[in-house]
Structure formats: structure tokens, C-alpha cells
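The values are calculated or read from the model by the stated rules, or taken from the named source; none is laboratory data. Keep in mind the model is a prediction, meaning the values are calculated, not measured. So basically every Cβ, Gly included, is an ideal-geometry build from the backbone, and we count neighbours across all protein chains shown. Remember, those area values only see protein heavy atoms, side chains included, never the ligands or the DNA or RNA. Shrake-Rupley method; radii C 1.70, N 1.55, O 1.52, S 1.80 Å.
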Amino acid sequence: MIGELLRVVAVAGRVVVDERRRLPGRGAWLHPDPDCLAKAERRRAFPRALRATGALDVREVREHVGLATTHHEPGTSPGSRGIKEAGRPVMSQP
């Protein structure tokens, strides 16, 4: 779903997150996941997707994705929502 993706654009040699999806220019879409970002960097996907010449600084996107993955509901750890200690899904009681 498109709501789960980040739009990024190249601005002055940097890749920035377009949170409002309104910045001008060619954009690229990325899952807000550190592994996905690392894979895109390894493949040099940003310069190709954004049609930019030379290397692009992705520091801002890296920080944004890092922040996005550390937010979670109070009292839970990331990825543990809906899972009991035994690894079974939490069932709601009637």
C-alpha cells in the first residue's frame, strides 16, 4: 500500500524524505525499513531512480528511517505487538 512507503527526492545533492508528497521533481519510493534502505544504498538505486549525476547524501533518509523504526506503543517492544511470550498470537477474549 502506498501509505506504507516514503517518497524521497533529490535536493541539492541530498536525498530527502518528502513527507507531504508535494516536493517538486522526480521522486522514488522506499519502505521505511533500515534493511530496505541499506539494500537501496548497496545497489546505488537513488542516483538511478532520481536520475541524479554523482553520489547523493542519504543521511537524512537514514535518520528518518531510524526514527520511524524506533517509535512503538508504550509498554511494548518493536515487533512484539500482538505476540505472547510463547510466540502465539494474542487472542481477544469475548
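Report yes if some residue within region 45-54 is at positive phi and assigned to a loop (DSSP other than H, G, I, E, B); otherwise report no. Yes, some residue in region 45-54 is at positive phi and assigned to a loop (DSSP other than H, G, I, E, B). Summed over region 30-44, residues that are assigned to a loop (DSSP other than H, G, I, E, B) and either surrounded by 14 or more Cβ atoms within 10 Å (Cβ to Cβ) or among the hydrophobic types (A, V, I, L, M, F, W, C) (or both) total 3. Is it the case that V61 is open to solvent by less than 60 Å² (accessible area, probe 1.4 Å), in contact (Cβ under 8 Å) with a residue 12 or more places away in the chain and not in a strand (DSSP E or B)? Taking the combined requirement at face value, the residue satisfies it. Restricting region 1-24 to residues that are under 11 Å from V61 (Cβ atoms) and within 11 Å of the chain's Cα centre (by Cα), the residue that is surrounded by the most Cβ atoms within 10 Å (Cβ to Cβ) is V8. Count of region 40-62 residues, restricted to those that are under 12 Å from V8 (Cβ atoms) and of a type in the set (S, T, Y), is 0. If you scan region 14-54, which residues turn out to be touching a residue at least 40 places away in the same chain (Cβ under 8 Å) and hydrophobic (A, V, I, L, M, F, W, C)? Within region 14-54, V15, V16, V17, L50, A52 qualify. G27 passes every criterion in (1) open to solvent by 50 Å² or more (accessible area, probe 1.4 Å); (2) under 14 Å from L6 (Cα atoms) apart from (1).
For region 46-55, filtering for residues that are surrounded by 13 or more Cβ atoms within 10 Å (Cβ to Cβ) and either modelled with pLDDT under 95 or of a type in the set (S, T, Y) (or both) leaves 1.
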